[in-house]
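None of the figures in this text is laboratory data; all of them are computed from the coordinates on show. What you see is a predicted model, and the numbers here were worked out from it, not measured in a lab. Note that we place each Cβ from the backbone using ideal geometry, even for glycine, and neighbour counts take in every protein chain shown.
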Amino acid sequence: MKLSNILTEAKATLSKANIEEPLRESKLLICHALSCSLEIFLLDTEKEISLLVKKNIFKLISRRANGEPFAYITNSISFYKSNFYINNKVLIPRPETEELIEKVLKNIPNKNKNINILDIGTGSGVILASLLQELPNSSGIGTDISIDALKVAKINLTNLNIFSRAKLVNTNWSQGIKTNIFDIVTCNPPYIDNKYIKNLPKEVKEYEPLIALKGGKNGLDSFKSLLPIVRNVMKINSLLALEIGFDQSKLLENILYKNKFKLKDIIKDISGNKRIIIAISIN
């Protein structure tokens with residue numbers, strides 16, 4: 001069977017499943033199955049494909065048609081300035097989190113300085129890895145309650161040749177971490193109100209780890225347990241960067257103040273929702 005015919009069939013399958021970009025995703029999944037670039041694929045669409053290879057291609061197409069996220073099928077995602085390994089043990093990084101990295105970097109006047117970074121709930125490690133790449137003399141710790149997530153983070157830090165400047169710790173938030181040593185703390189905690197989980201898209205609620213999504217009542221449980229602990233590991237005048245739910249900024253201002261943080265900035269995402277809080281640790 002010709003590759004062009006397989007592409008037509010794959011596109012039809014994904015279209016029927018209401019995948020937003022069926023042609024694009026079909027091409028990329030075929031390339032993944034064939035271990036070739038998109039450029040090579042486009043140069044040879046009349047190539048004959050064996051039944052075995054076709055079967056392997058449609059295993060991937062079927063997984064996508066059933067709602068499994070593209071990143072989990074390919075075990076890869078492009079984030080910030082790098083490609084990262086990903087699997088279903090970790091949350092898929094979103095573009096909003098790239099904005100968090102940008103805002104943190106804008107608050108660092110001297111990027112060659114030795115800066116201590118703590119990334120709480122590190123998951124795939126993309127925040128910590130991206131910051132360490134941009135801050136060449138810095139070091140950091142990534143914590144996560146999931147050992148499986150830390151395995152993914154280790155792969156990414158190793159692949160980017162920065163694992164020597166990082167340490168991964170299996171703990172809840174920052175428990176057991178040395179106090180008063182960090183210049184920057186980042187966290188993308190679970191912040192979705194539990195009652196809204198059922199309304200999430202199928203590919204999120206059925207495939208991504210719910211532990212990384214469920215934020216309890218009003219989505220604030222994580223912040224209420226996180227902030228009292230995290231303040232203890234930070235130096236005075238250190239930077240805290242949090243990703244938040246679109247309707248949580250006002251409530252979080254009070255929680256931050258009670259835990260000795262001063263709000264510095266609230267940043268909106270590309271959809272115009274308040275998504276990132278930047279705060280400073282105070283006495």
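For segment 43-116, the relative contact order is 15 percent, taking Cα pairs closer than 8 Å that sit 6 or more residues apart in sequence and dividing their mean separation by the residue count.
For the pair segment 100-136 / segment 165-207, the C-alpha centres are spaced 16 Å from each other. The packing ranking, built from the mean of other Cβ atoms within 10 Å per residue, places the peptides 7-16, 193-202, 146-155 in the order 146-155, 7-16, 193-202, highest first. Working note: Cα gyration tensor of segment 86-165, eigenvalues times five, square-rooted, sorted largest first, giving semi-axes of 21, 14, 10 Å.
So how tilted is helix 249-258 from the main axis of the chain? Cα-based, degrees 0 to 90, rounded to 10. Roughly 40 degrees between the two axes. Note on K2 and S76: with the Förster distance fixed at 22 Å, the Cβ-Cβ geometry gives a FRET efficiency of about 0.25. Inverting the pair-averaged 1/r between distinct Cα atoms of the chain gives 20.3 Å as its Kirkwood hydrodynamic radius.
The helix-only estimate of mean residue ellipticity at 222 nm for the chain, built from DSSP H runs of length n ≥ 4 each weighted as -39500 (n - 2.57), is -12000 deg cm²/dmol after division by the residue total.
Using the Karplus relation 6.51 cos²θ - 1.76 cosθ + 1.60 with θ = phi - 60°, the per-residue 3J(HN,Hα) values for segment 133-138 come to 5, 7, 10, x, 9, 9 Hz, with x marking Gly and Pro. The overall shape of segment 63-123, judged from the alpha-carbon gyration tensor, is prolate: a/c is not under 1.5, and a/b is greater than b/c. To the nearest ten degrees, helix 221-233 and the longest principal axis of the Cα atoms of the chain are 60 degrees apart. Counting every C-alpha pair in segment 3-74, the share spaced more than 16 angstrom apart comes to 39%. With the highest mean first, a sort of the peptides 159-165, 121-127, 40-46, 230-236 on other beta-carbon atoms found within 10 angstrom per residue produces 121-127, 230-236, 159-165, 40-46.
Looking at segment 29-183, send over the antiparallel percent of its DSSP beta bridges, to the nearest 5.
Working: 4 of 14 bridges.
About 30 percent, rounded to the nearest 5.
Qualifying trypsin sites (Lys or Arg not before Pro) in segment 81-145, where qualification requires a DSSP coil assignment and no more than 16 other C-beta atoms within 10 Å, comprise K81, K111, K113. Entry note, the chain: relative contact order of 14 percent, from Cα contacts under 8 Å with a spacing of 6+ residues.
Taking the DSSP bridge list for the chain and keeping only pairs wholly inside it, about 45 percent are antiparallel. Of all DSSP bridge pairs formed entirely within segment 139-283, close to 50 percent run antiparallel. Given the options L227, L132, L34, which has the most mean-square fluctuation in a GNM of the chain, springs set between C-alpha atoms less than 10 angstrom apart? The residue that fluctuates most here is L34.
Once the C-beta distance of K262 and N18 is scaled by a Förster radius of 45 Å, the resulting FRET efficiency is 0.45 to the nearest 0.05. Centroid-to-centroid, using Cα positions, segment 243-276 and segment 26-71 are 42 Å apart. Relative to the dominant Cα principal axis of the chain, helix 3-16 is inclined by about 60°. With each label modelled as a point 7 angstrom along the Cα→C-beta vector, the N273-K198 pair spans 2.0 nm.
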